[in-house]
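A short worksheet on the structure shown next.
Values quoted throughout were computed directly from the atomic coordinates according to the rules given, and no laboratory measurement underlies them. Note that the structure is predicted; figures quoted are calculated from it, not measured. Positions of Cβ are backbone-derived with ideal geometry, glycine not excepted, and every protein chain shown enters the neighbour counts.
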Amino acid sequence: MRLYTGFMVHPLETGRLEYFPDGALVVSDFGQIIFMGTRAEALSEYENIPEERYENAVILPGLVDTHVHLPQYQAAAVGTGELLDWLNTYIFPLEARFADEEYAHIHAQRFFHDAVRLGTTTMSVYCSSHRRATDIAFEAAFHAGLRVCMGKTMMDFGAPDTILHSVSDNIADSLALAKAWHGAGNGRLHYTLTPRFAGSCSRDLLKKTGEIAQAEGLRIQTHLSENPSELRYIAELFSEHASYTDVYHAYGLLTERTIMAHSIYLSPQEKSLLKAHNCSIAHCPCSNRFLQSGVMALRQMLGEGFRIGLGTDVAGGSSLSMFNEAKEAAESSKTWNILHRGEEMPAITAEESLWLATLGGAQALGLADTIGNFAIGKDADFIVCRMEEILPESSVFASPANMIARLVYGAHPHIIEKTVIQGQTVYKR
Ligand SMILES: [Zn+2]
């Protein structure tokens, strides 16, 4: 057992944050939270257990990145243009390099190391289209102690031959990887079926993916309704379908374990389809701006009851920092208001953004029974952030809500003191 004390903040099911200025977390030897409350209560209930006390710091649940591409990390902040051209020019050649096992190994290690250094404890990851590189990425996530939902990106057309595989290879590779890794790492590693998007998957591949998702009970992740040129491309390719969402629906890919990235330009009928199947959404505001894709109506979609998490979408997004993504989620909701004068909705606050980056992400990935806040019985995934780095000692704005605002808006790469996953320290400054 171990006792962690300091200023604790965590999200509640109600959508609010709960603050413990002198808080305490007791973690079992198995990495689970067995107490959460004030330090005084903890000290009276648990005598003689080792205490790690943090002054001038805030202890938060680990950050959850619901959408990110491992093999694109080298291209973060690189390139211009919009989605389809950017993929062809910068991304596909980069992903092809993951055929080289040595390269795949080095870059997977770097990716996960940088994620925990930035306070991310759970990630929903697209690997390259190579089976061996995906295997290597799982090994790297296992050794880094990360919690991941991850899969080999499936494509059988619409990209260079070097990263395409046949339908049968895509399905066989995915099943083999799922068998090897799903549930491994003390339950931290999850296999996610990962058809890139309808624009690079044939009808046969989409159909077979839907079938094995149902047979094996696996998660699915893909892209939906991101960019106007992509929408036109999909409408031409799948002209027999009523909408982009209907393509996925027709092939059995809409499930309660499906997470759709972007989902910016959805019609009311498409939203109804997604709601009827309880799909969740990975909102990627940094990427939506970097690639000039659009501005998602986050407030409206939250009001409509969608499960929504935040995704960095590296390299569409230029940073693995989930604080940066949380800031952009708040700012992007203001941009939506600027573009829709007369229909303004209340802007997303920093507290709400932090909620989305933690419990919201956990709910979107179907992991809220295990992570997302400090409820008793959940795994101890948390981070310690050094507040002196971003707040003057006697700030006139020192309320808890303002502290979270300064954290979300002012976080820099060196703010993380410690990252803990399932009770194990995976990063220490
Ligand atoms: Zn993406």
Number of the condition not met by residue 361 [criteria: (1) without any contact (Cβ under 8 Å) to a residue 40 or more places away in the chain; (2) not in a loop (DSSP other than H, G, I, E, B)]: (1)
Which count do you get for residues in segment 26-70 that are on the phi > 0 side of the Ramachandran plot and either part of a loop (DSSP other than H, G, I, E, B) or within 16 Å of the ligand (Cβ to nearest atom) (or both)? 2
Return the residues of segment 119-151 that are assigned to a loop (DSSP other than H, G, I, E, B) and surrounded by fewer than 24 Cβ atoms within 10 Å (Cβ to Cβ); say none if nothing qualifies. 145
Residue pairs within 6 Å by beta carbon, gap of at least six or interchain, first lying in segment 220-233 and closer than 16 Å to residue 314 by Cα, second of a type in the set (Val, Ile, Thr), listed first then second, are 221/192; 221/194; 221/259
